[in-house]
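To start, the structure under review is shown below, and the notes come after it.
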Amino acid sequence: MPDLPDTPTTSSRRARRARALALLLALAAGAIAAGCGGGGGSTGAGGGGAKADTLVIANAVNVDTLDPAANSVNESIWMTQNIYERLLQPNANGTDVVPQLAKSWDISDDGLTYTFHLGDHKFSDGTPVTAEDVRYSIERSIHYEGGWGFLLEAVKSVEAPDPKTVVITLSRPHAPLLADLAMYAYAVVPEKLLKAQGAKTFFQKPIGSGEWALTQWNKGSDLTFKVNPYWSGEKPNFSTLKIMIVPNDNSRVLLLQNKNADIIENPPGNLINELSANPDLQTYLFPSTRVDFIQLDQHFPPFKDPKVREALNYAIDRNAIVKLAYSGHATVGSSFMPYKMQYWNDSLKPYPYDPDKAKELLSQSSYPNGFKTFLIEVANDVAGNATAVVIKSDLAKIGIDVDIRTYELLTAYDKEDGGNSQMGQRYWTNDIIDPDEVTTFGVDPQGGANAFSSYWGDPTATKLVHQARGELDTTKRQQMYEQIQQIVYDQSPYLILDYSPYRYAAGKWVHGFHATPLGNYNLSLETLTVDQH
Amino acid sequence: MTGRFGFLGRRVLQLIPVVVGITILVFFLLHLVPGDPARQILGQHYTPKAAAEIHHKLGLDQPLWTQYRIFMDRLVHGELGDSVYYNQSAGSLIAERLPATLLLIAYAGVLAALVSIPMGIIAALRRGGIFDQATRIGTLITFAMPPFWFGIILILFFALKLQLFPVSGYGHGFSDHLWHLFLPALTIALAFSTILTRTLRASMLSTMRMDFVDTARIKGISRTTVLMRHVVRNAIVSIVVVFGINLAFLVGSTVIVESVFSIPGLGQLLVAAVESRDYPVVQGTTLVLAFFVVLVNLLTDVVHAALDPRVSYE
């Protein structure tokens, strides 16, 4: 017998004691921990009164750097736009630029000299923003390795003749200049402080002249901002902005439901309807510049045949993709340029779903009996995976056998580029409001990205991209970009699928939150209000 | 005493080839995986020209062996190189993230011990009883549940329904950390305590069968004294060994649990670094974690030897 011999008189008492001790031990840790945490409770604002003083936003992606010249991740870009100002900024709809540091500007008749007149702005440490700071910041970003200098190749010089004037001279007319300067990479940093501290130290707790001053940055966890005491614009309705980094989708939703966050980024698409139905919550779908498309690598012979590409366009049921991948919360795509952005061609209509026409077109091509191909998708991209399933099923109906190959993100991109791909899931988002960027990457074979890795090129379209860049007459530019979009629409070097929005969810206690099509929301923070909750 | 120091010295020396082996494995395995950090940096603006500039800047255009030599050279000088993705050194990134992970592991370890030691002992003492059956079924269930799912269930109940603990995050200050880390630590601890409880229960049962236990009782020593001095002391040795060996399990769990609970620890850093092919950070993090596991294994041996006089230092 394994049990110990027991003395009958004391056994029950001992057993009780042992049980109580075990229970106590098990509960002790939880009780102590719960007691300890008394002070660290709500991240939202509490107490009485009508308005809360803190806004908490939970983002899905970590902030990697607060150096505007090095930025490429959206969630980091949106932070730098809170901290710094640029000469100009895009308006709330992303359709034009409006003043920021520059209160006005003059353009010479030949379009080669831009003179910017600065307003009175101060960095959050109280020092004034000077033209010298602007000159230094722009030149720093132009020369930053792996940065955004390629946008400003037409810039010959940046000068600061006096503390309130910046003069930019171009070597050739460059129509997108104002849009380029409104880009986050050309944010203005204090030259003297940055040089004194060195970039590595400075960007750990940077100083800018934007609405919000960074007070705490716990890497990988959260960032806290207070209103810049020297902010020249209207004071926001709350004094503290907290950004939490919560990569797990479910955890973000739970944070909102628990009122520990006021706004969450990117709630899962399949939960949008459920969240909207919650009486305490609201969901936002803001128009974005995102264009979802399928790359067709022309190194794969069938995709060189225009009839095949046209057939593919009619074979795909875009409405089914929008329904399945985005629960209906996206717009069916037509032009390769972002939806309703500058010079968008609204005369183009999405290719209708017409499998019979697709079959007929395929029968006229060099591959009348179809062919086998593969489609690269990114693992864990729920919307992308749903899209791939629709495409496979649709193309099977016209005799094209699609093998879906799933790779982790960077591996997928590696496989899609380099000219050994066939079909690949891709998307584009604008960084500037001007279409020069998307046409350079998507149309110009010399633009560096091989026309979205399709290795397609059309001499007329390419010529128009170059001409439009130097054309200062907006009406003529409109015509040129509409013509480029028409050519891409007709030749279909890639299959435009849909325009998907930015998704946010918030408590009903938040009023006036808005993200621009470029994704930044710093403008709405100026007027947003948070009720007590 | 010299035996003890000699033992320690030999074990520390043995660490060197293990750590070097780990560096080789991590370095070359990582470079075998397709994917390019330049792609992460450039995003959709990836062009072969811009990528080549970044490769040159990061030294990725050098032969692999040269890159390894540079990495080892830096390592010997106590440097891990600069992160490709974050704008700072890999060493400082790891130093920032290490405390959260260590605290989480220690917290989970303590909770696991608090849960499993009493449970294992009582289950063994009341073998076949209701408590024993419940413990065996309970440990089976918690062991079968994946941590990411179990974590969410804990959040739903303790954070959302009872509002006792926060949904996620790490907090500020030690007591706040303890409060924030309770649910994540519990998630790991419950899975871990399964192994500990079952080991302790089995070990207690086999010890109680030993002749010396009967002898002690016949000599008139009280039941409690026999239990504490003879049975538990003997049985607990097995727990220490299991605890040490399974530390790798704890480290592995933190990777998932940190993601579910948004804890800025090494696990989350490692996942992000692997995804963005941030070579210096992956290498550094893996090295630190591997070193940690090896070190704990060493400590386990030392503690084992200290607890059990039958284990020699040879």
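What helices in chain B pass both tests, a Cα length along the helix axis of 24 Å or more and a mean Kyte hydropathy of 0.5 or higher, using whole DSSP H runs? For chain B, where a helix must reach 24 Å along its axis and average at least 0.5, the hits are B:2-32, B:90-125, B:174-208, B:279-307. Whole-percent P(r), the range A:407-515, all Cα pairs, 5 Å bins from 0: 2, 10, 18, 19, 16, 12, 9, 7, 5, 2, 0.
Tell me what chain B gives for mean residue ellipticity at 222 nm when only DSSP H runs of n ≥ 4 count, each as -39,500 (n - 2.57), the sum divided by the residue total, rounded to 500 deg cm²/dmol. Write down the numbers at each step before the final one.
Details: 13 runs with 229 residues, N = 314.
Estimated from H runs of four or more residues: -24500 deg cm²/dmol.
Give the average, rounded to an integer, of partner chain Cβ atoms located within 10 angstrom of each Cβ in B:33-40.
5
Spatial offset of the range A:424-469 relative to the range B:170-234 amounts to 66 Å, using the alpha carbon center of each. Each Lys and Arg adds +1 at its Cβ and each Asp and Glu adds -1 at its Cβ; summed about the Cα centre, the range A:460-533 shows a dipole of about 100 debye. Taking chain B as a Gaussian network of alpha-carbon nodes connected by springs under 10 Å, the highest mean-square fluctuation of the residues B:ARG126, B:ARG97, B:ARG136 belongs to B:ARG126. Which percent of the accessible heavy-atom area of chain A goes to carbon and sulfur, probe 1.4 angstrom? C and S atoms contribute 52 percent here. Each of B:ALA306 and A:GLU274 was given a label point 7 Å from its Cα along the Cα-to-Cβ line. The distance between the two points is 5.0 nm. The phi-based Karplus calculation (6.51 cos²θ - 1.76 cosθ + 1.60; θ = phi - 60°) puts the 3J(HN,Hα) values of the range A:445-454 at x, 8, x, x, 10, 6, 6, 6, 6, 8 Hz, whole numbers, x for Gly and Pro. Put simply, the amide H of A:PHE374, placed in the peptide plane, has neighbours under 5 Å in A:ASP403, A:MET423, leaving out anything fewer than 5 places away on its chain. Computed over the Cα atoms of the range B:97-307, the ratio of the radius of gyration to the Kirkwood radius (Rg/Rh) comes to 1.04.
Listed values for the range A:51-68 are Karplus-derived 3J(HN,Hα) couplings in whole Hz (6.51 cos²θ - 1.76 cosθ + 1.60, θ = phi - 60°), namely 10, 8, 9, 10, 10, 10, 10, 9, 9, 8, 10, 5, 8, 8, 8, 10, 8, x, and x replaces Gly and Pro.
Based on DSSP, what percent of beta bridges with both residues in the protein assembly as shown are antiparallel, to the nearest 5?
The antiparallel fraction comes to roughly 75 percent.
The mean sequence separation of alpha-carbon pairs under 8 Å and at least six residues apart, normalised by the residue count of chain B, gives a relative contact order of 26 percent. Could you work out what % of the accessible surface of the range B:97-307 is carbon and sulfur, using a 1.4 angstrom probe and leaving DNA, RNA and ligands out of the count? Result for the range B:97-307: 73 percent of the exposed heavy-atom area is carbon or sulfur. Take the Cα of B:LEU25, step 7 Å toward its Cβ, do the same at A:GLU145, and the gap between the two points is 3.3 nm. Between the residues B:LEU250, B:PRO17, B:THR225, the greatest Cα displacement towards the positive end of the dipole of chain B, with unit charges on the Cβ of Lys, Arg, Asp and Glu, is found for B:THR225.
Measuring with a 1.4 Å probe in the full set of protein chains, what accessible area per residue, in whole Å², belongs to the range B:2-90?
56 Å²
Here r is the Cβ-Cβ distance between A:LYS51 and A:GLN483 and R0 is 56 Å; the resulting FRET efficiency, rounded to 0.05, is 0.65. Peptide B:273-280 is shielded by partner chain Cβ atoms: per residue, an average of 2 of them sit within 10 Å of its Cβ.
For the range B:2-90, what % of the accessible area comes from carbon and sulfur atoms, probe 1.4 Å? The nonpolar share, carbon plus sulfur, comes to 66 percent.
Taking every alpha-carbon pair under 8 Å whose residues sit at least 6 apart, the range A:435-533 reaches a relative contact order of 16 percent.
The peptide list A:285-296, A:368-379, put in order of mean Cβ contacts within 10 Å with the highest first, becomes A:285-296, A:368-379. Take each residue of peptide A:244-255, count the partner chain Cβ atoms within 10 Å of its Cβ, and average: the result is 6. Note on the protein assembly as shown: Rg/Rh from C-alpha atoms, Kirkwood Rh, equals 1.03.
Taking the chain by itself as reference, the range A:209-234 contains these residues with an accessible-area loss of 50 Å² or more in the full protein complex (1.4 Å probe, heavy atoms): A:LYS219. Across the range B:2-90, counting alpha-carbon atoms alone, Rg and Dmax equal 17.8, 63 Å. Legend: calculated FRET efficiency, B:LYS49 to A:GLU132, from the Cβ-Cβ distance at R0 = 22 Å, rounded to 0.05, equals 0.10. For the chain pair A and B, buried accessible area totals roughly 5600 Å², probe 1.4 Å, rounded to the nearest 100. Annotation for the range A:283-321 versus the range A:198-256: alpha-carbon center distance of 38 Å. Based on C-alpha pairs under 8 angstrom that are at least 6 apart in sequence, chain A has a relative contact order of 20 percent. Applying a length cut-off of 15 Å (Cα extent along the axis) and a mean Kyte-Doolittle floor of -0.5 to the DSSP H helices of chain A leaves A:8-36, A:382-396.
Past 21 Å, Cα to Cα, is the threshold; run A:LYS205/A:LYS226; A:LYS103/A:LYS200; A:LYS415/B:LYS49; A:LYS226/B:LYS161; A:LYS219/A:LYS242 against it and keep the listed order. Table pairs above 21 Å Cα-Cα are A:LYS103/A:LYS200; A:LYS226/B:LYS161. Taking amide H positions as modeled 1.01 Å from N, with prolines and chain starts lacking one, the residues under 5 Å from A:LYS122 and 5 or more places away or on another chain are A:VAL129, A:SER232. Once you reduce the range A:116-163 and the range A:171-188 to the center of their Cα atoms, the two points are 11 Å from each other.
The values are calculated or read from the model by the stated rules, or taken from the named source; none is laboratory data. If you're wondering where the values come from, they're calculated on a predicted model, not measured in any experiment. Positions of Cβ are generated from backbone atoms using ideal geometry, with glycine treated the same way; all protein chains shown enter the neighbour counts. Please note that ligands, DNA and RNA were not included when accessible areas were found on the heavy atoms of the full protein model with its side chains. Shrake-Rupley method; radii C 1.70, N 1.55, O 1.52, S 1.80 Å.
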